[in-house]
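Participant: First the structure, then my questions, so here it is.
The values are calculated or read from the model by the stated rules, or taken from the named source; none is laboratory data. Please read these numbers as outputs of a predicted model, since none were measured by experiment. Cβ atoms come from the backbone with ideal geometry, glycine included; neighbour counts cover every protein chain shown. Each accessible area value is taken on the protein alone, full model and side chains, heavy atoms only, with ligands, DNA and RNA left out. Shrake-Rupley method; radii C 1.70, N 1.55, O 1.52, S 1.80 Å.
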Amino acid sequence: FIYVHAKIRFMTRLKKLFEVKHSKVLNVYCTAGYPTLDSTLPIIAALEQNGADLVEIGMPYSDPLADGPVIQESGARAIENGMSIEILFDQLKSLRPTIQLPVVLMGYMNPVLQFGFDKFCEAAAAVGVDGLILPDMPAYEFEAKYGAIVKKHGLDFIFLVTPETPTERIVYLDSLSSGFLYAVSASATTGSALNFDVVDAYLQKLKQMHLNNPILVGFGVKDAASFELATRHTTGAIIGSAYIKALENSSDVTATTAQFLSSIIGQK
């Protein structure tokens, strides 16, 4: 009994989440510093209070190639608002212990390398961030160099796979990932419309591979119906563009968040 208790205490927040929840995990993406510079923490708190299981904070970048127009626009506005990695870490100092749910940072390698990779991981861990998603991190560089730094600071690292990723590579990226595996539903930018028959076959294939990590699917999940379809064969789904759009003209991010999440998962 004592052993089990100790094991749970040292389990990461992401691991704890997936130990207790095996389906319909809702991961919501928000852009740091959007719609206003000080929105980030109130948004995370509202997401936790209204049924999100996990929050992905996008770090705005001036050249966001993989993002669709909605997230690009939110990033541009956040940069205009003055958001930077330094300011985000400063804001996140008040994250714990008031917020319990796992928080993952998503962004591009360039600003992270400019900040200093080791320094970035150290700062992320210090404020209670649980994991990183850096889609343009080359797997071989992660394996040779950056993975050890991520591990040293106790962070999870999440790789992305797409319908075009060969089976052997999916297994390889799954072996490098911890926390979860991010299944991009289509090789398009975020917020694109999807053919769910094609996506369904792809997610079914991933399920049958019995990978090490839980699978969360993102890109194109925007309402209760697409959330239902996306989670049929996976542990959960990621909603980004639709939520950013809901926040666009919001004067009360807490009320907007409550309304948006109840439209996806019903009242908490």
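Participant: Once the principal axes of the Cα atoms of the stretch 25-184 are found, what is the range along each, listed largest first in whole angstroms?
Facilitator: 42, 34, 33
Participant: Roughly what percent of Cα-Cα pairs across the stretch 158-268 reach past 16 Å?
Facilitator: Result for the distance tail: 59 percent.
Participant: Under a Cβ-only charge scheme (Lys and Arg +1, Asp and Glu -1), can you give me the dipole magnitude of the chain about the Cα centre, in debye to the nearest 20?
Facilitator: Rounded to the nearest 20 debye, it is 940 debye.
Participant: Also: Roughly what would the spin-label model give for M209 and M11, points 7 Å off Cα along C-beta, in nm?
Facilitator: 2.5 nm
Participant: For the stretch 17-75, with all protein chains present and a 1.4 Å probe, just round the carbon and sulfur fraction of the accessible area to a whole percent.
Facilitator: Roughly 53 percent, rounded to a whole number.
Participant: With the crude spin-label approximation of a point 7 Å out along Cα→Cβ, what separation in nm comes out for Q49 versus R232?
Facilitator: About 3.6 nm, to one decimal.
Participant: In 10 Å bins starting at 0, how do the alpha-carbon pair distances of the chain split up by percent?
Facilitator: 7, 32, 39, 20, 2, 0
Participant: Can you give me the accessible area per residue for the chain, using a 1.4 Å probe, in Å²?
Facilitator: 46 Å²
Participant: What is the gain in length, in nm to one decimal, between Y172 and E141 on full extension, counting 0.36 nm per residue of separation less the C-alpha to C-alpha distance?
Facilitator: 9.8 nm
Participant: Ok, one more. Which length gain, in nm to one decimal place, applies between T254 and N110 when the Cα-Cα distance is subtracted from 0.36 nm times their residue separation?
Facilitator: Going from the current span to full extension adds 48.6 nm.
Participant: Please list the non-local residues whose amide H lies under 5 Å from the amide H of V25, H modeled 1.01 Å from N, same-chain partners needing a gap of 5 or more.
Facilitator: G236, A237
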